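The values are calculated or read from the model by the stated rules, or taken from the named source; none is laboratory data. None of these values were measured; they are calculated from a predicted model. Every residue, glycine among them, receives a Cβ derived from its backbone with ideal geometry; neighbour counts consider all protein chains shown.
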Amino acid sequence: MKSHISHTLLKAVLRLADAPEQTLSRVAARLSTPLPFERISSPPPDAVMMRLESVFEALSELSSQPHIAAALDLACDTLQAELPTQAVAAGLYDIDCDEVRIVAARGVEQDLLRGAVMPRARCLVAGADETAIITNGDAQGGAWLGEGGEGSTVLLCPILHEANLLGVLAMADPLCTAQFSQHDLDLTSYVASQLATFIQGHRHRSQCAV
């Protein structure tokens, strides 16, 4: 069985490696005191780690995609394979028009959704232009994706580069579970971060080529 080190723990270890001796002494003293049980968090389930590894492997092909649309298609296929949902979509944000254009879509009404343009405020509700959220699939939430209706749920995840909005990943109604989880948010946020790096790099190269 593989052993896994969380990203948070890894960052903490790297910070401690450069810390002064006085700081290390205080940390050692703190660790010598048992912590309350409720403050100890359990590691992610093996299934979650395996899913993340599969996504990591699939996105290794991201750098070889010829254009942004192909990268968004790859992201949608990857998410559908590891987190099956009724519908998934990926769009690009146009800051000049303050609109989102859906470039890639899978599932319910995918042909109608692909190419659709909507105001940012409608596409990314309730602060979803700053952080990934889970919202209702109603008129006040993510009704634009999936079939909607009572009990419908939508995961909205911004594609951000240095706090600048580049696009969105959206998923409606998971097929294998009753609702989206924090692990699903983390997985989608990881895919969005990889897309942000690709999109920013592709645009930079295109500008340099002009």
request  = For ASP173, state whether it is over 30 Å from ASP96 (Cβ atoms), of a type in the set (D, E, K, R), part of a strand (DSSP E or B) and assigned by TED's automatic domain parsing to the domain that holds ALA71.
outcome  = yes
Scanning the range 117-150 residue by residue, those of a type outside the set (A, V, I, L, M, F, W, C) and under 17 Å from GLY107 (Cβ atoms) turn out to be GLY137, GLY142, GLY146, GLU147, GLY148, GLY149
Of the listed residues (MET171, MET118), the one being out of contact with any Pro (no Cβ under 6 Å at 6 or more places or on another chain), buried (at least 19 other Cβ atoms within 10 Å of the Cβ), farther than 19 Å from PHE198 by Cβ and among the aliphatic types (A, V, I, L, M) is MET171
Within the range 142-161, the residues that are surrounded by fewer than 21 Cβ atoms within 10 Å (Cβ to Cβ) and part of a loop (DSSP other than H, G, I, E, B) are ALA143, GLU147, GLY148, GLY149, GLU150, GLY151, SER152
